[in-house]
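First up is the structure itself, then whatever we jot down about it.
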Amino acid sequence: MIYSDYAAVYDQTGQIRHSILTANYLPDLLRRHSVDGRRLLDLACGTGTFAIIQAEAAWQVIGLDRSPAMLAVAERKAARAGVAVEWIEGDLRAVMLPAPVDLATCWYDSLNYLLREEEVELAFRSIYAALAPNGLLCCDVATEYFLRNYWSGVEVYEDADYIQVMQSAYDGNDCSTLVLTGWHRRSVDHWERFREVHVERGYPRSFWLESLLVAGFVVEGCYDCFTLQAPNERSLRLCWVARKPAR
Ligand SMILES: C[S@@+](CC[C@H](N)C(=O)[O-])C[C@H]1O[C@@H](n2cnc3c(N)ncnc32)[C@H](O)[C@@H]1O
C-alpha cells in the first residue's frame, strides 16, 4: 500500500511545504467565499499538518485519510501540538460522518489518485453528502500540464538516516507514474529498503467542472492554485471552490 513506509519521512523530505502553502491560502479563499460555521473536514489529510494548523485557528477539525501510517504520524503531531483533531481512517469516495461539516478541503494531488472518472464522481457525491447546506468545498488538483511536464526524471533525497530516489514518467495517456524507492537506516550498517508506486491521473478542467456540477455543487471559483487569478494553460494546479446549495 502507498503512503505506508513513506509516512515516516513524508514531512522531512519536503512534502510538508504544500500544507503550509494551503494553510496560508485558505484565508484568501474564505474572504471571497464565506463559510457559516467552524466544522472542517480535511480529506486525504496525510500527516495532518493542514488539519493541525486549522485546529490551532479554532476550527473543529476532522482529518480523514485511508493510510493508517499517515494518520499515526498526524496523531502524534497533534498530541505534540496539544490540539484536538478527530482522525478517521476512511476513503474519500465513501465519507461517513456523524454530523455534517461546514467546510471540506482536499489538498495536494489527492483527487488525482482517483484513476477512473466514476471514482471522481463518487468522491464529489460523497463530499457533497458530508457537507451541511451552504457548506463549501475547497480542493486543488494537479493539471495534465503539470503531470506531463513536471512528473518526469529522477529526484534524490539523502540525509544521515534516509535515502530516497523518485523516478517519474508520463505514460502518454493522462497518467503519470512515480516509483519511490526509500532506504531507512535501522542501525550503523543496516538499511531497510521499501518501494511504492504512485499513479496519478490528470483530467481536463471541463471534467472536474462537470463532475462537481453533477454531484450538485454550485461552482464558485476555479483558480490558478495559491492565487485568486483564473487558471491558464500552464497552470500547475487548479483550486476549485464549490458550494452545496443552502436548500
Ligand atoms: C500527496 S498526499 C497529500 C496529503 C495532505 N493532504 C498534504 O497536503 O500533505 C495524498 C494523500 O491522499 C491519501 N489518499 C489517497 N487516496 C485516498 C482515498 N481514496 N481516500 C482517502 N485518502 C486517500 C493518501 O493516503 C495520502 O495521505
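Numbers at a glance
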{"item": "Filtered residues of the range 48-81 (kept if surrounded by fewer than 21 Cβ atoms within 10 Å (Cβ to Cβ) and under 15 Å from Leu92 (Cα atoms))", "result": "Arg66, Pro68"}
{"item": "Residues that are open to solvent by less than 80 Å² (accessible area, probe 1.4 Å), of a type in the set (Gly, Ala, Ser) and without any contact (Cβ under 8 Å) to a residue 24 or more places away in the chain, drawn from the range 177-214", "result": "Ser187"}
{"item": "Qualifying positions in the range 85-94 - more than 8 Å from the ligand (Cβ to nearest atom) and either under 24 Å from Arg205 (Cα atoms) or free of Cβ contacts under 8 Å to residues at least 40 places away in the same chain (or both)", "result": "Val85, Glu86, Ile88, Glu89, Ala94"}
{"item": "Filter result (closer than 13 Å to Lys244 by Cβ, out of contact with any His (no Cβ under 8 Å at 6 or more places or on another chain) and hydrophobic (A, V, I, L, M, F, W, C)) within the range 104-149", "result": "Ala104, Phe124, Ile127, Ala129, Ala130, Leu131, Ala132, Leu137"}
{"item": "Any hit, the range 17-30, residues being touching a helix residue (DSSP H, G or I) at 6+ places or on another chain (Cβ under 7 Å) and not aliphatic (A, V, I, L, M)", "result": "yes"}
{"item": "Qualifying position, being over 24 Å from Ala246 (Cα atoms), of a type in the set (Gly, Ala, Ser) and within 12 Å of the ligand (Cβ to nearest atom), among Ala72, Ala57", "result": "Ala72"}
{"item": "Tally of residues being among the aliphatic types (A, V, I, L, M) and either away from the ligand (no atom under 12 Å from the Cβ) or surrounded by fewer than 17 Cβ atoms within 10 Å (Cβ to Cβ) (or both) across the range 105-135", "result": "5"}
{"item": "Subset of the range 28-41 (residues that are away from the ligand (no atom under 16 Å from the Cβ) and open to solvent by less than 60 Å² (accessible area, probe 1.4 Å))", "result": "Asp28, Leu30, His33, Val35, Gly37"}
{"item": "Matching option when the condition is of a type in the set (Gly, Ala, Ser), at pLDDT 95 or above and over 17 Å from the mean Cα position of the chain (by Cα), among Ala74, Ala51, Ala78, Ala44", "result": "Ala78"}
{"item": "Members of the range 220-234 that are open to solvent by less than 40 Å² (accessible area, probe 1.4 Å) and assigned to a loop (DSSP other than H, G, I, E, B)", "result": "Cys225, Pro231"}
{"item": "Phe217 vs. criteria within 17 Å of Ala123 (Cα to Cα) and surrounded by 12 or more Cβ atoms within 10 Å (Cβ to Cβ)", "result": "yes"}
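Residue-wise test of (1) among the hydroxyl-bearing types (Ser, Thr, Tyr); (2) under 30 Å from Arg32 (Cβ atoms).
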{"residue": "Ser168", "(1), (2)": "yes, no"}
{"residue": "Thr177", "(1), (2)": "yes, no"}
{"residue": "Arg186", "(1), (2)": "no, no"}
{"residue": "Arg193", "(1), (2)": "no, no"}
{"residue": "Glu200", "(1), (2)": "no, yes"}
{"residue": "Pro204", "(1), (2)": "no, yes"}
{"residue": "Val214", "(1), (2)": "no, yes"}
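Every residue, every condition in (1) of a type outside the set (A, V, I, L, M); (2) within 23 Å of Thr47 (Cα to Cα); (3) in the same structural domain as Leu209 (by TED's automatic domain parsing); (4) within 19 Å of the chain's Cα centre (by Cα), yes or no:
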{"position": "Ser110", "(1), (2), (3), (4)": "yes, yes, yes, yes"}
{"position": "Arg116", "(1), (2), (3), (4)": "yes, no, yes, yes"}
{"position": "Pro133", "(1), (2), (3), (4)": "yes, no, yes, no"}
{"position": "Cys139", "(1), (2), (3), (4)": "yes, yes, yes, yes"}
{"position": "Tyr157", "(1), (2), (3), (4)": "yes, yes, no, no"}
{"position": "Val165", "(1), (2), (3), (4)": "no, yes, no, no"}
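The values are calculated or read from the model by the stated rules, or taken from the named source; none is laboratory data. Keep in mind the model is a prediction, meaning the values are calculated, not measured. Neighbour counts are summed over all protein chains in view; Cβ atoms, including those assigned to glycine, are modelled from backbone coordinates with ideal geometry. Accessible surface is based on the protein model in full, side chains and every heavy atom, while ligands, DNA and RNA are left aside. Shrake-Rupley method; radii C 1.70, N 1.55, O 1.52, S 1.80 Å.
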